[in-house]
1. Considering every residue within the stretch 76-87, establish whether at least one is away from the ligand (no atom under 16 Å from the Cβ), among the charged types (D, E, K, R) and in a loop (DSSP other than H, G, I, E, B).
2. Take the residues of the stretch 148-183 that are touching a residue at least 24 places away in the same chain (Cβ under 8 Å) and polar (S, T, N, Q): which is nearest to the ligand (Cβ to nearest atom)?
3. Of all residues in the stretch 41-57, how many are within 14 Å of the ligand (Cβ to nearest atom) and either part of a loop (DSSP other than H, G, I, E, B) or not assigned by TED's automatic domain parsing to the domain that holds Thr150 (or both)?
4. Evaluate the following for Gln216: is it over 28 Å from Pro305 (Cα atoms) and in a helix (DSSP H, G or I)?
5. Only one of (1) modelled with pLDDT under 95; (2) open to solvent by less than 20 Å² (accessible area, probe 1.4 Å) fails for Ala131. Which number is that?
6. Restricting to the stretch 13-40, give me the number of residues that are without any contact (Cβ under 8 Å) to a residue 24 or more places away in the chain and assigned to a loop (DSSP other than H, G, I, E, B).
7. Regarding the stretch 3-12, can at least one residue be identified that is in contact (Cβ under 8 Å) with a residue 60 or more places away in the chain and open to solvent by 30 Å² or more (accessible area, probe 1.4 Å)?
8. Exactly one of (1) more than 15 Å from Ile422 (Cα to Cα); (2) in contact (Cβ under 8 Å) with a residue 40 or more places away in the chain; (3) not polar (S, T, N, Q) is unmet by Glu464. Its number?
Amino acid sequence: MIKSDYPNIQDVYDLMKKPPSASDKKRLEKAYNFAKQAHEGQKRANGDPYFYHAFEVAKNLADFGMDSTTIIAGFLHDTIEDTSVTEDEVDNQFGSEVLFLVNGVTKLGTLKYKGAERHVESLRKFFVAMAADSRVIIIKLGDRLHNLKTLGFIKDRPDKQKRIALESIEIHAPLANRLGMWKLKSEIEDLAFPFAYPDEYKQVQSLLKQKSHTTQKYLEQVYKSLRKDLAKQNIEVDKASYRIKGVYSLYKKLKKKDMDIDKIYDIVALRVIVPTVEDCYRVLGTVHSLWRPLPGRIKDFIAVPKPNGYQSIHTTIFTGNGGIAEIQIRTREMHQEAEYGIASHFAYKKKKYEKKINSSTQWIPELSDLQDSISNPDHFIENLRLDFFNKRIFVFTPNGDVIDLPEDSSAIDFAFSVHTDIGMHATAASINGKNSKLETKLKNGDIVRIETKKSAVPSAKWLEFVKTTLAKRQIKNYLGDNSLMNKFMNRFK
Ligand code: MN
């Protein structure tokens, strides 16, 4: 093969958010050559040299904003599993950190999604890896992204296409979402959607085309007027763009709204990116002075960020001529983070990233804990899906701490999430200052205080309305230890 057939490593450098140093370049180039040689002679399904895949994965990681160590592991991610390369070689050539990452990805490699049967062991591995080092998962996501892009090439294996597509929607997309990598999440979903649900895909695609075209036209008018007004006030706009909702996320929303596309307002959103937080509020003020906002749809995630760090202001306005559309306002930094999530912190500010990991991934230790305590794999996966893959609500303690709960959680779930002792001795709740029963379902944004009494104990009735695994387990433990039968039996011990 002629050398020029191979991709240029400069493409990777160009995508890196922080330009690589001379020594980074040397290591990256070494990884490039190492992977190229290791995969020599191997081919992908479409006939391309296998190395192209390793290269594309490295490119994805650069694009996510990952550091050079992670990109190097991306180049090497299939070498230990699929070539004669040994762990020692990787260790000697690239060091233990790279070896750790490559091994992490290799161990995840056997994941096979089996629909209803669900491959529990592999999924478990995923989460163990995630708890250990989220870079492993991010490499896996970069790998999956390229595999999805080339999924069309295995036409002769429709069963395999469908399995990979479903697995991506059910496992990889939620993982990306969990890491705050929304752009990647919707990319994965939209690439997998046509293979997972071909008929529904066609239907939604055609709805989206018609509707997004008219909405975007409204928004272009809106932006023209807005820009004029902002210029008068000397507010500088860094960038404005139209974000078209992902096909798959539109499909999910349509299912909730009786497939009525006119009930969905954020098919196209205008994104306005400005230099400072103050500018964000000035833009919001200007928008509302020009167009009437829809009540109840102004969301200030700058003042109150989502627990995973998402910051932005969203508002929905009547654009005139019958249109309704969403406007999102944020700073450049917030935008970077919204697109790339956790990954955006790898390249820039290591410190901030570490802090972020602690606050935005509090559920990870909870997950390992969950895993240890549940011996039955079927339960494990059920719990995982119920707790971690469903829609979440964010509820506040009186001090403003955020508690992340599954939808329809009750005040008692909240109590157990704050502290076991609070759950065990809860008597009543105060929700947004109003006295409420413990079974009250919580809503996004509620501020909850729990009243406790030392002598109070959990009741079996609580099991009827708690939603979190944590609360269920604690209540059951308590009831188990204290059931009448047990007390009776204990007398004879
Ligand atoms: Mn791979």
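1. Filtering the stretch 76-87 for residues away from the ligand (no atom under 16 Å from the Cβ) gives 84, 86-87.
In the following step, the residues that additionally are among the charged types (D, E, K, R) were identified as 87.
Subset that is in a loop (DSSP other than H, G, I, E, B): none.
Checked the stretch 76-87: no residue is away from the ligand (no atom under 16 Å from the Cβ), among the charged types (D, E, K, R) and in a loop (DSSP other than H, G, I, E, B).
2. Applying the filter and picking the extreme gives Thr150.
3. 5
4. On the way: over 28 Å from Pro305 (Cα atoms): no; in a helix (DSSP H, G or I): yes.
No; evaluated as a whole, the condition is false for this residue.
5. Going through (1) modelled with pLDDT under 95; (2) open to solvent by less than 20 Å² (accessible area, probe 1.4 Å) one by one, Ala131 breaks only (2).
6. The total comes to 3.
7. First pass over the stretch 3-12, keeping only residues in contact (Cβ under 8 Å) with a residue 60 or more places away in the chain: none.
Within the stretch 3-12, none of the residues are in contact (Cβ under 8 Å) with a residue 60 or more places away in the chain and open to solvent by 30 Å² or more (accessible area, probe 1.4 Å).
8. (2)
The values are calculated or read from the model by the stated rules, or taken from the named source; none is laboratory data. None of the values given here were measured: they were computed from a predicted structure. FYI the Cβ positions are ideal-geometry reconstructions off the backbone, even for glycines, and counts take in every protein chain you see. Protein only, heavy atoms only, side chains kept; ligands, DNA and RNA dropped before computing areas. Shrake-Rupley method; radii C 1.70, N 1.55, O 1.52, S 1.80 Å.
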